[in-house]
1. Quick one: count up the residues across region A:62-86 that are out of contact with any Leu (no Cβ under 9 Å at 6 or more places or on another chain), of a type in the set (A, V, I, L, M) and modelled with pLDDT under 80.
2. Taking region A:120-167 on its own, how many of its residues are under 30 Å from A:D105 (Cα atoms), of a type in the set (A, V, I, L, M, F, W, C) and in a loop (DSSP other than H, G, I, E, B)?
3. Looking only at region B:28-74, count every residue that is facing chain A (nearest Cβ under 7 Å) and surrounded by fewer than 17 Cβ atoms within 10 Å (Cβ to Cβ) and tell me the total.
4. Under 6 Å between Cβ atoms, at least 6 apart or on separate chains: pull out the pairs that start in region B:49-74 with a residue that is under 17 Å from A:L52 (Cα atoms) and end on any residue that is loosely packed, with under 10 Cβ neighbours inside 10 Å.
5. Those residues that are part of a loop (DSSP other than H, G, I, E, B) and facing chain A (nearest Cβ under 9 Å), I need them from region B:3-27; list them, please.
6. Checking the structure you have, find out if any residue of region A:46-61 is modelled with pLDDT of 85 or more, in a strand (DSSP E or B) and either closer than 21 Å to A:P212 by Cα or not aromatic (F, W, Y) (or both).
7. Could you tell me whether any residue of region A:134-153 is exposed (fewer than 14 other Cβ atoms within 10 Å of the Cβ), modelled with pLDDT under 75 and at positive phi?
Amino acid sequence: MRLDLSDRYVALGLGLMVFGAPFGVFSYYVLGNVTLAAMGMACVILGSVFLLTPASPVPLDVVRSMVEGANVNIEALLEEFDVVNRGVYLPPRDGRVFCFIPVVDGFDVGRLASRPLRLVSGDGLTVFPPGSEVVRLAGIGDEVGLEDALSYVLVDYLEAAEGVKVVESGSNVVVQVVRPVVDSSFVRVQGCLGSTVASVAGSVFASLRSVPVCFLGEESVDGLVNLRFRLERVGQE
Amino acid sequence: MYLSVQALATLGTVVALSALGESRLEVFFSLFTVIHFASSALFRPRRRWFDITGGVFFMGFCYIVLMKVIDIIG
């Protein structure tokens, strides 16, 4: 946590704490006055609250709009190359998850993670989904379970959904997202990468497990979004 | 809004309890705890870091309760 002293909340918070602590201690132990001691305690409490509260938090709607707006370029790219196949989320390179969308069938998923990164190749497109930046900025640890990590990113960090459940069965993973609040109106992006929450989920799984994650599809029913993924077990080369 | 409400509620608590002649510091602390968690639940403010204030309040409240329980048992 870095504190900028030019921030009015930081300056006020520090001032309140610096004043309140000795004032409260002096009032209680020297003056024996509980009221003044309580005032000193209140100053310390309010000072700490001021320190922890940012003066200009980025509105959540702005963050969500930026995440959804990132889909515009991807939609244009997918439309230009007329790509309709489901994408594969690949483990991060330089901290960023990327997604390979094949234009031909029968590609070897196992070799995708090690192939050179080329945005346009003969067998597919490589894009950086919105979820890749979210995963990078959220800073999830390596030892976290899939459900815990996805719940943290979608519910706590982005506040993009009210709840998340993840069920693993072998290499298949089913995710149920409760009432997502971000969505994408871009048809090709939804078809190839999935909705915004699907993109975040695929990016989280690829980042955590360091294996290619195939997006299989999603269905929306009564405020619940069910996502299906397959984790590709890549053998050692 | 969150800061204003919490500041006004805290100040009002100090004034009210002093007017009632309250001399126990743990009563003030307990009410400050309630104010902090209630305002945090209502406004869900964004924070730079973990809610350290809430953590200190929780530990302090547990300590007060523990002392009271020991008094009752003793």
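The values are calculated or read from the model by the stated rules, or taken from the named source; none is laboratory data. No experiment lies behind these values; they were computed from the predicted model shown. A quick note on method: Cβ atoms are made from the backbone with ideal geometry, for glycine too, and the neighbour counts reach across all protein chains shown.
1. First pass over region A:62-86, keeping only residues out of contact with any Leu (no Cβ under 9 Å at 6 or more places or on another chain): A:62, A:65-66, A:68-70, A:72-73, A:75-76, A:79-80, A:82, A:85.
Filter again for of a type in the set (A, V, I, L, M), leaving A:62, A:66, A:70, A:72, A:76.
Pick out the ones that are also modelled with pLDDT under 80 and you get A:62, A:66, A:70.
Residues that pass the stated criteria total 3.
2. 1
3. Residues meeting the conditions: 4.
4. If the second residue must be loosely packed, with under 10 Cβ neighbours inside 10 Å, the pairs left are B:W49/A:M1.
5. Our first condition is that a residue be part of a loop (DSSP other than H, G, I, E, B); within region B:3-27, this holds for B:20-24.
Of everything in region B:3-27, those that are part of a loop (DSSP other than H, G, I, E, B) and facing chain A (nearest Cβ under 9 Å) turn out to be B:E22, B:S23, B:R24.
6. No - not one qualifying residue is present in region A:46-61.
7. Scanning region A:134-153 turns up at least one residue that is exposed (fewer than 14 other Cβ atoms within 10 Å of the Cβ), modelled with pLDDT under 75 and at positive phi.
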